[in-house]
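My questions will all concern the structure given below.
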Amino acid sequence: MILAKARSFLRRSPFERRLLVSAWLMLVLARVGLLLFQFGTIHRLQSRIKIKPRSKPRDWREVDEQVADAVQVASRYIPGPVTCLPRALAAATLLKRLGSPAHLRIGVARGESGEFQAHAWVENEGRVIIGVLEDLNRYSPFPSMPE
């Protein structure tokens, strides 16, 4: 089992391997950070990340899919449940480091019995990259936070 996973990892491109390791690290940092600090502090730290300038435009759809895949795969190797907020934080951070115009979104809704519910997702050019739900449109997103 471990050998098969190692082979699967090694079959990926160098970019995808770096992305997987980075996604795992970002998920760990997001989970620990959310336990120790308020969300505003985490967001301020994330907004300080330097964006790598790109000499040519990228096909963001492909990069978005690679980042979403890396975050989903890496979340399987984090102890305990990995909720939408750490996943969205990790994906948004990775995409920002790559120079993507993606945005972290947080929305709220009322459940069927009136309970408060929240959800986090990442969007890029109107597409949901991570945090897709069938009923995502029922969540009222907060205004975008300044980057």
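The values are calculated or read from the model by the stated rules, or taken from the named source; none is laboratory data. These numbers come from a predicted model, not from an experiment. Cβ placement follows ideal geometry from the backbone for every residue including glycine, while neighbour counts extend to all protein chains displayed.
Looking at region 125-141, which of its residues are surrounded by 12 or more Cβ atoms within 10 Å (Cβ to Cβ) and at pLDDT 90 or above?
Applying the first criterion (surrounded by 12 or more Cβ atoms within 10 Å (Cβ to Cβ)) to region 125-141 yields 125, 127-131, 133, 136, 138-139, 141.
Hits for region 125-141 are Arg127, Val128, Ile129, Ile130, Gly131, Leu133, Leu136, Arg138, Tyr139, Pro141.
On to the next question. Of a type in the set (A, V, I, L, M, F, W, C) and in contact with a Ser or Thr (Cβ under 6 Å, 6 or more places away or on another chain): does that describe Val82?
Working: of a type in the set (A, V, I, L, M, F, W, C): yes; in contact with a Ser or Thr (Cβ under 6 Å, 6 or more places away or on another chain): yes.
For Val82, the condition - of a type in the set (A, V, I, L, M, F, W, C) and in contact with a Ser or Thr (Cβ under 6 Å, 6 or more places away or on another chain) - is met.
Moving to a separate point now. For region 86-120, which positions are surrounded by 20 or more Cβ atoms within 10 Å (Cβ to Cβ) and touching a Pro at 6+ places or on another chain (Cβ under 6 Å)?
Arg105
Something else about it: Does Thr83 count as buried (at least 20 other Cβ atoms within 10 Å of the Cβ) and of a type outside the set (Phe, Trp, Tyr)?
Criteria not met by Thr83.
Can you say whether Gln46 is under 27 Å from Gln117 (Cβ atoms) and at pLDDT below 90, as far as the supplied structure shows?
Here the answer is yes, as Gln46 does meet what is asked.
How many residues does region 100-128 hold that are over 22 Å from Arg44 (Cβ atoms) and β-branched (Val, Ile, Thr)?
Counting residues in region 100-128 that are over 22 Å from Arg44 (Cβ atoms) and β-branched (Val, Ile, Thr) gives 1.
Hey, among Leu34, Leu19, which residue is at pLDDT 90 or above, surrounded by 13 or more Cβ atoms within 10 Å (Cβ to Cβ) and more than 13 Å from Leu94 (Cα to Cα)? Can you show your working first?
Details: Leu19 fails: more than 13 Å from Leu94 (Cα to Cα).
Only one candidate qualifies: Leu34.
Do any residues in region 1-24 that are closer than 29 Å to Ile49 by Cβ have Cβ atoms under 8 Å from those of residues that are modelled with pLDDT under 85 and surrounded by 10 or more Cβ atoms within 10 Å (Cβ to Cβ), where the two are at least six apart or on different chains, and which pairs are they?
What qualifies is Arg17/Phe9; Leu20/Phe9; Leu20/Arg12.
Let me ask something else. Quickly run through region 93-112 and pick out the residues that are farther than 17 Å from Phe39 by Cβ and modelled with pLDDT of 90 or more. Lay out the reasoning, then the answer.
Initially, region 93-112 is screened for residues farther than 17 Å from Phe39 by Cβ, giving 94-95, 97-102, 109-112.
Leu94, Leu95, Ala109, Arg110 - these are the residues of region 93-112 that are farther than 17 Å from Phe39 by Cβ and modelled with pLDDT of 90 or more.
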